[in-house]
Ligand code: NDP
């Protein structure tokens, strides 16, 4: 039986609607429906699957404003960001609508016949997403999974289910078969675990905390079920003395305070070569002061509130007076889960601000001496998701980007995600890659078939 869960607007703190939470039985029913839908979907001609995915992309495009407004209300994302996110979902669907006709196998030279490979769909894929980027992360899972011939059962985060629910409606309106893309809002330990444990779910794509990801992996291992995990981060923004300091400092707030720091790619450690530390901080302070935090409905606002009261309390716990604060930005006061950006200057190497994922608008600045120490500090974390390297020396940019153990790096830029390129983490930031041209293959099994031709010489 569903229980209702109140959905809260983070900018006001007020509940504005309720969503029924799926229990284990409802997850089971969704997986059964998905399994039936998948059989018909996989049997369609590739060109027909491609056409339906393009129609789904067009439906998302037409509903862009509605999806963006839902994300502003449910997640507190600034409207400009939410519009970009809705457009990104459309683009990801369009990109993978090219895949059904391009899942090309191999023909391998063998004696006595021919040997060919097929990329067979897995069946039903479970996609479990967090609350920080509800619709984009969902699309990274469902678009390539559908393109490869699978059905998807998607579990959104309890706090932010609204855009996922609307996307599933749009899929139906666009003509995708009933049951092919279903959303089961529910608790992680109930609906989420039921999805991971379900014997008819062939693969799980999970994005969220490293702790929960490790639990999902352990549960999946019981059934030898493959997982893709996109987990936490503590990424470094390495600024060398030869960098364009104006550009590096101007871009640094966006690299960590975007989406209020609730971003697995947040560059939450800024490592600055000691000889330019003061010059960098002089430039960073006005950039942080100018970072616009406010009503997410207003165009031009760069950062809204944190997602919930509970999460704000967790983030505030990192400013308990034990780490020196260099300076802070502005934030509204009053109702809503506001938190002013903060720049910290830890004076101890074991300060937890250097090791723990804050997932809020808090950044630590640390000095280093020389390239080797910069790389050592960048790698002094259990995580390995993203990071940036600012330098005018091309050789150093190449050397350091090869030496930093992270899956998505940028040089003289803080951009981590392009849907045309693979994305994912090393170390405890995850397993597997999403996006890029190969993503649909992660939702297939390679089948090898040998056809004997009766060659008497073989
Ligand atoms: P979780 O990892 O707990 O949640 C992510 C998703 O997994 C949600 O849909 C959640 O459901 C679900 N889930 C929770 N428990 C289980 C389970 N046992 N089995 C299957 N699914 C489960 O992250 P939180 O939302 O609790 O965030 C905590 C911290 O994790 C953040 O502060 C941040 O540090 C990090 N995080 C990192 C993210 C990233 O993108 N790398 C994203 C989100 C969080 P439900 O919402 O119902 O709990």
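The values are calculated or read from the model by the stated rules, or taken from the named source; none is laboratory data. Computed from a prediction, not measured in an experiment: that's the story for all the values here. Heads up, the Cβs are rebuilt from the backbone with ideal geometry, glycines too, and the neighbour counts pull from every protein chain shown.
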Do we have any residue at all in segment 212-221 that's over 23 Å from the mean Cα position of the chain (by Cα) and surrounded by 19 or more Cβ atoms within 10 Å (Cβ to Cβ)? no
Examine segment 139-155 for a residue that is within 8 Å of the ligand (Cβ to nearest atom), at negative phi and assigned by TED's automatic domain parsing to the domain that holds residue 104, and state whether such a residue exists. yes
Looking only at segment 186-208, and only at residues there that are free of Cβ contacts under 8 Å to residues at least 40 places away in the same chain and within 11 Å of the ligand (Cβ to nearest atom), the one that is farthest from residue 132 (Cα to Cα): 197
Picked from segment 307-331 (must be away from the ligand (no atom under 14 Å from the Cβ) and surrounded by 19 or more Cβ atoms within 10 Å (Cβ to Cβ)), the residue farthest from residue 131 (Cα to Cα) is 323
How about segment 100-133: which of its residues are farther than 18 Å from residue 40 by Cα and out of contact with any strand residue (DSSP E or B) (no Cβ under 7 Å at 6 or more places or on another chain)? 102, 104, 109, 111, 131, 132, 133
Long-range neighbours under 7 Å by Cβ, at least six apart or interchain, first residue more than 14 Å from residue 349 (Cα to Cα) within segment 368-380, second in a helix (DSSP H, G or I): 369/274; 371/396; 371/400; 375/400; 375/403
Single residue of 194, 255 found to be within 20 Å of the chain's Cα centre (by Cα) and crowded, with 23+ Cβ neighbours inside 10 Å: 255
Based on this model, can you work out whether residue 389 counts as within 16 Å of the ligand (Cβ to nearest atom) and either modelled with pLDDT of 95 or more or buried (at least 21 other Cβ atoms within 10 Å of the Cβ) (or both)? no
Please indicate, with yes or no, whether at least one residue in segment 391-400 is within 15 Å of the chain's Cα centre (by Cα) and either in a loop (DSSP other than H, G, I, E, B) or closer than 22 Å to residue 263 by Cβ (or both). no
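Yes or no, residue by residue, for (1) under 25 Å from residue 148 (Cα atoms); (2) touching a residue at least 40 places away in the same chain (Cβ under 8 Å):
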{"residue": "36", "(1), (2)": "yes, yes"}
{"residue": "48", "(1), (2)": "yes, no"}
{"residue": "59", "(1), (2)": "yes, yes"}
{"residue": "70", "(1), (2)": "no, yes"}
{"residue": "76", "(1), (2)": "no, yes"}
{"residue": "83", "(1), (2)": "no, no"}
Hey, can you tell me all the residues within segment 311-363 that are outside any loop (DSSP other than H, G, I, E, B) and either in contact (Cβ under 8 Å) with a residue 60 or more places away in the chain or in contact with a helix residue (DSSP H, G or I) (Cβ under 8 Å, 6 or more places away or on another chain) (or both)? 315, 326, 327, 328, 343, 344, 354, 362, 363
Answer yes or no: is there a residue in segment 435-443 that is farther than 29 Å from residue 327 by Cβ, touching a helix residue (DSSP H, G or I) at 6+ places or on another chain (Cβ under 9 Å), assigned by TED's automatic domain parsing to the domain that holds residue 266 and assigned to a loop (DSSP other than H, G, I, E, B). no
Give the residue, chosen from 125, 110, 116, that is farther than 30 Å from residue 306 by Cβ and within 16 Å of the ligand (Cβ to nearest atom). 125
Just to be sure before I move on: is residue 334 more than 16 Å from the ligand (Cβ to nearest atom) and at pLDDT below 95 in the structure I sent? yes
